[in-house]
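The values are calculated or read from the model by the stated rules, or taken from the named source; none is laboratory data. Worth saying up front: this structure is predicted, and the values here are computed from it rather than measured. Note that each Cβ is placed from the backbone with ideal geometry, even for glycine, and that neighbours are counted across all protein chains shown. Areas reflect the complete protein model, heavy atoms only, side chains present, ligands, DNA and RNA absent. Shrake-Rupley method; radii C 1.70, N 1.55, O 1.52, S 1.80 Å.
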Amino acid sequence: MAKFCLKDSDKYYLSLSDQPKRFDADSPVTNVFFDDTNGEVFTVRSGGVTGVTVNGMDESKSTSFRMEDKGPIISIKFSPDHKILAIQRNIEGQNATVEFVNFKDLVPTNVEYSHTCKWKNSKILGFVWPRVNEIAFITDHGVELLQVWPEKKLLKTMKATSFSGAWFSWCSQSNIILLAGNNGALLQPFSLNNSTINKLQKLEVEWSRPIVERDVFVLRLCGAPWCALFRHAHASTTGGPTEVWLIPISGGGATQHVLKTGLVGRFAVSVIDQLLVIHHQSSQTSQIFDIMEESKPENNIVIHIPVVQGISMKPAIVDDQPCPMCNWVVFQPDYIIDARLGCLWRVNLILSGLAHSVPKDEISKIVAVLLRRKDGKDTIYRILNQLVSEAGTYLVELTKAFDEINSVYRKWADLEVARNTAGQAGLSRAPVHFPVLVSQADVCAHVLQAHADDERLVQVVTAYLASLSRHDMVVQHPVAELCVRTLVTRGAGGRLRSLVRRGCLGDARPLACQLLSLGHIDPAAAQIALDMMWRLKAYGEVVEVLLSWNEPISAVGVAKQTGGIWLNIPPRKLLSAAKHYAEDKNEPTAFMAVYHALVARNERLRGSPNFLKGDQCDVYVEYYKQLTSES
């Protein structure tokens, strides 16, 4: 299969931040913790006695401080407003307790307090901050949601839900906890929103063996929460590739998605610009999946393959040395940490890399993927321009790309009409998000106009007009103007007539005027304009055009068919044109025919064949007498 390669594109489609956030590397005296809610790394040296450093991508929230070593730390996190620090320690014989320290301007105030979980003999699996001044304890007995009063140094239980859990997964973007019960055979999500705990519908996973913690990720994708489960082949069998099952949380029977990795081993997940990135540890490659691609569900399941072939990330260099992926730890949604090097990155999407090397027949699929990415427009323009330049090879693929663009635009336009008609309250579903819209004006300005001298521009503009027609889109004037000029100047008048006849180019006065102006190049274009004016009922303009073409007989015929124009058109204008025609063509009968028609009009309107003095027709009356005396 022939490959398409976007010129000057990067061969990688994923990279890490240009400059990693550095922190003290993991060592016997330094422990490293990551808070995925705030996206911050905590380095605790000697239990905090020699210092705690907090680093994140937001430099303004970085800080360092010291604290007393009261025992090994399991977890340490700031509240979302960085005014309260929560610490969980691993102390033998201690009840399920979390310590708190108040902060002001990222500096501890030395106000310390603690809180013990309501369930006796319970074990705290972890804690999360769903909101400012709200913390949730996740234990093996259930979930307890508390309100923190830092100025009073106390916590108040707002809601508690019992559930026997072994481990949990947390999504800070959706405030959802997924607790694993029955040793991973049962997955129960809880929503921590509006200062309460809502028990959501449990996830139905009818697999033959329990799910382990490292194979479960709760994430937010395409505006909804999902549970990503890695389904590995049984070790007792001959083996098979791992699948990623995306199960909607609180979806109630919504469609599930199955991602085919074609690989086996250990995996991790990132979410970047509504794309799911599956990182494979042993091959050090990453695959991209787009669950928004159009596909038909079967038994409520949609199967997906990678958007493009899996490759490694763009190499990251730290201290002049490459960073191997095998040392990375991945956190949601797009954080990567190398604790041995002391580096924190975010994963970036390189959109041009998606079109670096793709099968020829998948170009339109890549355009569809880019239409769903917030910064995809520039790459789409680059692809379209290259396809136009190489239209001799890629005309079919260019047509499919136009169809993808126009299909999205049509859906958006239909929704806008529905919103304006029914109002926002009348829409039963949430508004659909369209990250990229490529209008006709965009295609004209950023693609077609740049290729005025291309030898296959006629085929290109014809393909674009045909695509607009297939999607029932009215051709706007800038596009129509460019297309008409191209077809006429390139000698493709037959194709132009076909497009007008099939309705691809709709009737419009500006278009008709342009066709008239090109009549000196292709007389057929002028005739198309005249027909268009007639359909638009621009009868006055038709008469004027016919007179300018030195066709007074036709002009009189058109005027007489329209009634009002015939009754109001000045006789001098018609007689002047008729006299010029008679003399030019040596056909005096033409003038006489026009003269008789006007005399008959005078008789009908005023009961007299004579012209009025104000008509200024004396010279033409004399000319008529001259012609009749000669005959």
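Points worth noting:
- Counting only heavy atoms of the protein chains and using a 1.4 Å probe, Trp328 has close to 30 Å² of accessible surface.
- Applying 1/(1 + (r/R0)^6) with R0 = 30 Å to the Cβ-Cβ distance of Glu587 and Arg490 gives a FRET efficiency near 0.20.
- The charge dipole of the range 21-162, taken about its Cα centre with unit charges on the Cβ of Lys, Arg, Asp and Glu (plus for the first two, minus for the last two), comes to roughly 380 debye.
- Pairs of Cα atoms nearer than 8 Å and 6+ residues apart set the relative contact order; for the chain it is 9 percent.
- Prolate/oblate/rounded call for the range 537-631, Cα gyration tensor, a/c under 1.5 rounded: oblate
- When every Cα-Cα distance of the range 21-162 is counted in 10 angstrom steps from zero, the calculated P(r) takes the values 11, 43, 36, 9, 0 percent.
- Estimated FRET transfer efficiency when R0 is 41 angstrom, pair Lys260-Arg419 (beta carbons, to 0.05): 0.65
- Counted charge near Asp338, where neighbours are those whose Cβ lies closer than 14 Å (Asp, Glu -1; Lys, Arg +1): +1
- Ranked by solvent-accessible area (1.4 Å probe, protein heavy atoms only, all chains present), the residues Thr50, Thr30 order from largest to smallest as Thr50, Thr30.
- Cα centroid separation - the range 176-223 against the range 313-353, whole Å: 28 Å
- Added length on full extension, which subtracts the Cα-Cα distance from 0.36 nm per residue, Ala445 to Ile317: 42.1 nm
- Surface accessible to a 1.4 Å probe, Arg231 within the full protein complex, Å²: 90 Å²
- Cα gyration tensor shape for the range 35-76, rounded if a/c is under 1.5, else prolate or oblate: oblate
- Reduced Cα scattering model of the range 363-478, Debye log10 I(q)/I(0), q = 0.14, 0.20 Å⁻¹: -0.59, -1.08
- Probe 1.4 Å - accessible area at Trp534, Å² to nearest ten: 90 Å²
- Net charge of Cβ neighbours under 14 Å - reference Asp361; Lys, Arg +1; Asp, Glu -1: 0
- Protein-only accessible surface order, largest first, of Trp226, Trp549 at 1.4 Å: Trp549, Trp226
- Helix-only [θ]222 nm of the chain, DSSP H runs n ≥ 4, -39500 (n - 2.57) each, per residue, nearest 500: -9500 deg cm²/dmol
- Scanning the chain for long hydrophobic helices, with DSSP H runs required to stretch 24 angstrom or more by C-alpha along their axis and to average at least -1.0 on the Kyte-Doolittle scale, returns 391-422, 588-606.
- Relative to the current alpha-carbon distance between Ser195 and Lys104, full extension at 0.36 nm per residue lengthens the span by 30.3 nm.
- Averaged per residue, the range 325-407 has 33 square angstrom of accessible surface, using a 1.4 angstrom probe with ligands and nucleic acids left out.
- Value of D in µm² per second that Stokes-Einstein yields for the chain, Kirkwood Rh from Cα pairs, at 25 °C (0.890 mPa s): 80 µm²/s
- Highest average packing first - 317-326, 136-145, Cβ atoms within 10 Å: 136-145, 317-326
- Entries in Lys199/Lys365; Lys202/Lys411; Lys7/Lys365; Lys11/Lys296 that, when Cα-Cα distance is taken, lie over 29 Å: Lys199/Lys365; Lys202/Lys411; Lys11/Lys296
- Net charge dipole, the chain: roughly 1280 debye, given to the nearest 20, about the Cα centre with Cβ charges of +1 for Lys and Arg and -1 for Asp and Glu.
- Modelled FRET efficiency - R0 60 Å, Ile301 with Val49, Cβ distances, 0.05 increments: 0.65
- The residues of the range 537-631 have, on average, 56 Å² of accessible surface per residue, using a 1.4 Å probe with all protein chains present.
- Label-point separation in nm, Lys120 to Ser60, each point 7 Å along Cα→Cβ: 4.9 nm
- Linear extension gain, Gln626 paired with Arg606, 0.36 nm per residue minus alpha-carbon span: 4.7 nm
- Solvent-accessible area, 1.4 Å probe, carbon plus sulfur percent, for the chain: 48 percent
- Cleavage-rule hits (trypsin sites (Lys or Arg not before Pro)) in the range 13-71: DSSP loop, at most 15 neighbouring Cβ within 10 angstrom: Arg66, Lys70
- Net +/- balance of residues flanking Val143 in space, Cβ distance below 15 Å, scoring K and R +1, D and E -1: +3
- The distance from the alpha carbon centre of the range 38-52 to that of the range 465-483 is 61 Å, rounded to a whole number.
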